[in-house]
Amino acid sequence: MNWEVIIPLLVFMAVVFMIGFWASRYVYQRSNFLQEYFLGSRELGGLILAMTMIATYGSASSFIGGPGAAYQEGLGWVLLSMSQVATGYFVLMILGKKFAIMARKYNAVTLVDYLRHRYNSTLVVVLSAMSIIIFLFSAMAAQWVGGARLIGVVTGLSYTSALFIFAVAVLIYVIIGGFRAIAVTDAMQGIIMFVGTLVLLVATIIAGGGMGNIMSDLAAENEMLITPFGAEGDLTAVYVSSFWILVGVGVVGLPQVAVRAMSYKDSRSMHRALIIGTFVTAFMMFGMHLAGTLARPIIPGLEVADNVMPTLAMTVLPAWLAGIVLAAPLAAIMSTVDALLLMVSSAVVKDVYHNYINPKASVKKIRKVSVGVTAILGVSVVLFALSPPELLITLNLFAFGGLEAAFVWPLVLGLYWSKGNRHGALASIILGVGSYIVIYIFAGEPLGQMGPFGMHSVVIPVVLSLIGYVIASIATHKKVMQTGYV
Amino acid sequence: MNDPRFKIANREALIGVGLALFNFIWWYAFAYGLGSQPVADYDFIFGMPAWFFYSCLIGSVIMIILVVFMVKFFFKEVPLNEKGDESS
């Protein structure tokens, strides 16, 4: 056991618990339980809003898989990761004030709530809630696996005990504290991620003997490492650019991100979050991925590229500082898992139970059901993570792309195009998710995610779901106008 | 539906689209414009290849400055509640 690394991690867990207990007071005091538990009563300020968006979105891939790929591919992968800078401003600007105003008008607590009021269609609600539950449940399970492995590597615990510790830590604050606990822990986790990135990047540049020195080492090993085309020259401009859809602008359609765009207090919070969010996203994506590439001459010949981040931290930093830096990927995983857990729970409780099964449930009953459902979902996802079934792993691989293909247009065009209607939304969801699965099964390479035309496999489904939305909406516009439905 | 707040919201969404387009063009032009030449001809700035320095580092700095500028000068504060009532 490496106590110098473990102690900072323990302190971090303890603070997270305290935030959970602090937030649980609000859960029991506020009169509108659903608004508080699933949306923090729309009271987020600028800093917390920016941090919770970044932390939700910056997951295991930003701190484990991303730097690992940058280690293998060189600067080309850092270039690819910079497409994520757009998420820092794009999501909040596009959904922006219109989404916040409409969500308040509809009294919407979840993304599906918004769609239900906008399109007035049971089928839209059921399909959306199902996509969220299935895709996000599997995405969540994969993140648990990542979190437990990381704790295992750092502390030397077995996978099962690491998973258990991780599970207890996350479940308690999400179950008792709800959205407010998540947002506040996210803010703390975001700050840890930011500081961790800064420390690691600076230490890596120093350990490698300066930027110029590292670059010539890289070029001496393989000059492709310092070109935009990847170590083997197979990162084409079209492929790399297509990531702008998956991890850049398409993020607007992710329900766990979109729901945050209805959680802020006032427009001043949104303005502050835009500035803070752009700065922090740009810095973290740039720093973490660049550190992965620069690590190559310092720790050459790593067999499992995903270990680059923990190995690098333990090599270039003193043990106690490595402990703090390694809390960053753990924080990234926790802050994604907590958001996904609450998102799935809100889909079950608010979108299914409260809408269709028991619309007249009392506040007390809803509170019990919410806490119970969150707990059951949390425990079952942990059980799945103990020995993840094949199907779950496959679903996780296209979970985010699938959700983007399903929701981007019904959400964005629903806001800004008055002719958009329920037929368009249905066509969009079915075509988006359907074509993504088809492409994935028949054309996509599971790992490279390479789809038709040399682009990432998310691109075609997003285009198809746009076409579906527009054509179906225009075709049914007259009929819908006559019958008076939206 | 003719809420004056929506006019502001629409304009701000268009600013978002414009910024993302500019972001993409800057990123693409420097990366593949400068990065496609043979490595032997690369210029280096602060130890980094020029394409990387302009596309990734300067590109991010410019986006941060642009976002600050747009938010400070073009974004308007509006009440988010029904009827512009500030109390929730």
Applying the gyration tensor rule to the Cα atoms of the stretch A:16-123 (axes a ≥ b ≥ c; rounded if a/c under 1.5, else prolate if a/b exceeds b/c, else oblate), the class is oblate
Given A:21-29, A:287-295, the highest-first ranking by average Cβ count within 10 Å works out to A:287-295, A:21-29
Per residue of B:3-15, other chain Cβ atoms within 10 Å number on average 5
For chain A, the longest principal axis of the Cα atoms and the Cα long axis of helix A:399-416 enclose an angle in degrees, to the nearest 10, of 50 degrees
Expressed as a whole-number percentage, the relative contact order of the stretch B:4-76 with C-alpha contacts under 8 angstrom and at least six residues apart is 36 percent
Row for chain A, column shape: gyration tensor on C-alpha, a ≥ b ≥ c, rounded if a/c < 1.5 i.e. under 1.5, prolate if a/b over b/c, else oblate; value oblate
Quick shape check on the stretch A:1-71: root eigenvalues a ≥ b ≥ c of the Cα gyration tensor, a/c under 1.5 is rounded, otherwise prolate if a/b tops b/c, else oblate, and it reads oblate
Cross-link reach from A:K360 to lysines, straight Cα distance under 26 Å and at least 8 residues apart if same chain, gives A:K105, A:K350, A:K368
Filtered hits (lysines, Cα-Cα < 21 Å from A:K479, offset >= 8 within chain) -> A:K419
Carbon and sulfur atoms account, in whole percent of the 1.4 Å probe accessible area of the stretch A:104-205, for 74 percent
With every protein chain kept in place and a 1.4 Å probe, the protein assembly as shown has an accessible area per residue in Å² of 38 Å²
Ranked output for segments B:55-65, A:216-226 by mean other Cβ atoms within 10 Å, highest leading, reads B:55-65, A:216-226
With a 1.4 Å probe and ligands and nucleic acids left out, the total accessible area lost when A pairs with B, in Å² to the nearest 100, equals 4100 Å²
Taking the chain alone as reference and the full protein assembly as comparison, with a 1.4 Å probe on protein heavy atoms only, the residues of the stretch A:201-217 that lose at least 10 Å² of accessible area are A:M211, A:G212, A:M215
The percentage of the accessible area of the stretch A:261-407 (probe 1.4 Å, all protein chains present) made up of carbon and sulfur atoms, to the nearest whole number, is 66 percent
Scoring only Lys, Arg, Asp and Glu (+1, +1, -1, -1) among other residues with Cβ under 14 Å from the Cβ of B:A50 yields -2
Between the Cα axis of helix A:211-221 and the main Cα principal axis of chain A, the angle (0 to 90°, nearest 10) is 80 degrees
Taking protein heavy atoms only, a 1.4 Å probe, and rounding to whole percent, the accessible area of the stretch B:4-76 owed to carbon and sulfur comes out at 76 percent
Each residue of A:466-474 has, on average, a number of other protein chain C-beta atoms within 10 Å of its C-beta equal to 0
Counting other chain Cβ atoms within 10 Å of each Cβ in A:268-275 and taking the mean gives 4
Taking Cα atoms, the helix A:267-298 axis meets the longest principal axis of chain A at an angle in degrees (rounded to 10) of 30 degrees
Scoring only Lys, Arg, Asp and Glu (+1, +1, -1, -1) among other residues with Cβ under 13 Å from the Cβ of B:R11 yields +4
Once the in-chain neighbours fewer than 8 apart are removed, the aspartates and glutamates whose Cα is under 12 Å from B:K76 read A:D266, B:E12
Dividing the helical contributions, -39500 (n - 2.57) per DSSP H run of n ≥ 4, by the residues of chain A yields a 222 nm value, nearest 500 deg cm²/dmol, of -25000 deg cm²/dmol
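The values are calculated or read from the model by the stated rules, or taken from the named source; none is laboratory data. As the structure is a prediction and not an experimental result, all values here were calculated from the model. Ideal geometry is used to build each Cβ from the backbone, glycine not excepted, and the neighbour counts take in all protein chains shown. Please note that ligands, DNA and RNA were not included when accessible areas were found on the heavy atoms of the full protein model with its side chains. Shrake-Rupley method; radii C 1.70, N 1.55, O 1.52, S 1.80 Å.
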